[in-house]
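S.K.: What follows is a single structure, and I will ask about it in a moment.
The values are calculated or read from the model by the stated rules, or taken from the named source; none is laboratory data. This structure is a prediction, so every number in the text was calculated from the model and none was measured. Note that we place each Cβ from the backbone using ideal geometry, even for glycine, and neighbour counts take in every protein chain shown.
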Amino acid sequence: MTSRAEIKKGTLREDLYYRLNVIAIELPALRDRRADIVPLATFFLGRYAEENGRNIDGITEARSRSFRATSGRATCASSRT
C-alpha cells in the first residue's frame, strides 16, 4: 500500500509523511545485496531468541550457504525447512 493510500485510510498522519519525506533514501533490493542476507538473518534470529527467552546458537554454515545460493522468494521458503 502506498503512503498516499495510508494517509487516506487514516493510518498515516499527513504531516508526518511530509516531515519524513524530505530525504530520499534509496536502498537496493536484498536480492541485489546477497552479502547482507546472513548478517540480517543472524541479527533477527538473535532478536527473536532474546525476546522469546530462547537459546539459539545461530545459523548453520549449511543454511548460510543456502541463503547465499538461493534467490528471491525461494530463499524464504527454503528457510522454513
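S.K.: Which residue pairs have Cβ atoms under 8 Å apart, sit 6 or more places apart or on different chains, and have a first residue in region 48-68 that is closer than 11 Å to Val38 by Cβ and aliphatic (A, V, I, L, M) and a second that is surrounded by 11 or more Cβ atoms within 10 Å (Cβ to Cβ) and modelled with pLDDT under 90?
M.R.: Short answer, once both residue conditions are applied: Ile59/Phe67.
S.K.: From Arg47, Arg19, Arg31, Arg4, grab the single residue that is out of contact with any helix residue (DSSP H, G or I) (no Cβ under 8 Å at 6 or more places or on another chain) and modelled with pLDDT of 90 or more.
M.R.: Of Arg47, Arg19, Arg31, Arg4, the one residue that is out of contact with any helix residue (DSSP H, G or I) (no Cβ under 8 Å at 6 or more places or on another chain) and modelled with pLDDT of 90 or more is Arg47.
S.K.: Taking region 10-60 as the search range and keeping residues that are of a type in the set (Asp, Glu) and surrounded by 10 or more Cβ atoms within 10 Å (Cβ to Cβ), which one is farthest from the chain's Cα centre (by Cα)?
M.R.: The selected residue is Glu14.
S.K.: When residues of region 1-34 are filtered for being closer than 30 Å to Ala69 by Cα, in a helix (DSSP H, G or I) and of a type in the set (Lys, Arg), how many remain?
M.R.: 2
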